[in-house]
1. If one computes the Cα centroid of segment 176-199 and of segment 232-295, what distance in Å separates the two points?
2. Give me the extension gain from PHE129 to THR171: residue separation times 0.36 nm, minus the current Cα-Cα distance, reported in nm with one decimal.
3. Return the sequence-ordered ³J(HN,Hα) values of segment 28-42 in whole Hz as given by the Karplus equation 6.51 cos²θ - 1.76 cosθ + 1.60 applied to θ = phi - 60°, using x for Gly and Pro.
4. Short version: ³J(HN,Hα) in whole Hz for each residue of segment 280-288, in order, from phi by Karplus 6.51 cos²θ - 1.76 cosθ + 1.60 (θ = phi - 60°), x for Gly and Pro, what are they?
5. Expressed as a whole percentage, what fraction of the accessible surface of segment 115-232 belongs to carbon and sulfur atoms when a 1.4 Å probe is rolled over the protein heavy atoms?
6. Can you tell me the Rg and the Dmax, both Å, for the Cα atoms in segment 135-212?
7. Which ³J(HN,Hα) values, rounded to whole Hz and listed in residue order, are derived for segment 141-154 from phi using the Karplus coefficients 6.51, -1.76 and 1.60 in 6.51 cos²θ - 1.76 cosθ + 1.60 with θ = phi - 60°, glycine and proline given as x?
8. Using a probe radius of 1.4 Å on heavy atoms only, what accessible surface per residue do you get for segment 162-255? Whole Å² is fine.
Amino acid sequence: MPSTFFTEAPHWRWLIILYFFVGGLAGGCYFLASLIDLLGRPSDRPLARLGYLIAFPAVIVCGVLLTADLGRPERFWHMLLQSATWRPMLKTYSPMSLGAWGLLVFGGFSLLSFLGTLAEGKRRGALAFLRPPGPIGTLVSLLGGLAAFFLVSYTGVLLAVTNRPIWSDTTLLGAVFLVSSASTSIALLLLLGSRRVFLVGGLRALQRFDTIVLVLELLALGALVVSLGSVARVWLSAWGALLLLGVVGVGIVVPLLLHLRAQTPLSSAARAAAVCVLVGGFLLRVVIVLSSESI
């Protein structure tokens, strides 16, 4: 039995599970929006707008969830500043410290894109330059996209360096969380954009992309189970049913079948597929976090 079974649990529960889920949506939606803005067609810009409008409120929710989870919420700022000198508190050797700064940096870029998106719809939007195709807007989206990529992959890496069963018994949690964040973010954009007929072109491309990402997620989960070795038996004996039925069945297989059935991304089958992906992505984080906590 690995030594990770004899370590103290960090007692992470629903607030952290929600943070992992909402953080994945925030980073994933922004990353997709930046890709659409920088590489997509001009007709797809409203879809990128939707991604930016999701990202900033979602990252605010992330900050609230993390602060509420602290034993002393009123001292959250100690993660960023030294109380004695007021200098930045950045510990490059600490994944948690890097994550706090990563969340702050991403929050800044998502705020700029959010303001640029709101200003774009106004006749005299002074901040519309914060969105592409202008040079400043392009730079904001590019750097924000990199910060978003860090955010969606960081949560899995944080678990992997935490000396707990399952989490640190594999090196693939970062990849699994990255692919899952991509699938859930695509699903959310498909769901919210499904009532806008003028987005059908971009939504159809996202639907095709979602099919590819779901297959990759299934492969990543299989590789994760294999990489756990003997620990996988302990994991699957207690949480195998929820993983197989909830995450794989509801969150991956059913959406793939619905995508094949859906004739258009505006159909009820496409909406049902998006809901299933979101449910499966949330259950994945429930299984991974609570399974290690319960050992």
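The values are calculated or read from the model by the stated rules, or taken from the named source; none is laboratory data. A quick note: this is a predicted structure, and the numbers were derived from the prediction, not measured. Just so you know, the surface numbers come from the protein's heavy atoms only, side chains and all, with ligands and any DNA or RNA stripped out. Shrake-Rupley method; radii C 1.70, N 1.55, O 1.52, S 1.80 Å.
1. About 15 Å separates the Cα centre of segment 176-199 from the one of segment 232-295.
2. 11.0 nm
3. x, 5, 5, 4, 5, 4, 5, 5, 5, 5, 8, 10, x, 7, x
4. x, x, 5, 5, 4, 5, 4, 5, 5
5. Carbon plus sulfur share of accessible area: 72 percent.
6. According to the Cα coordinates of segment 135-212, Rg and Dmax are 16.1, 49 Å.
7. Karplus-based 3J(HN,Hα) across segment 141-154 equals 5, 5, 5, x, x, 5, 5, 5, 4, 4, 5, 6, 8, 5 Hz.
8. 41 Å²
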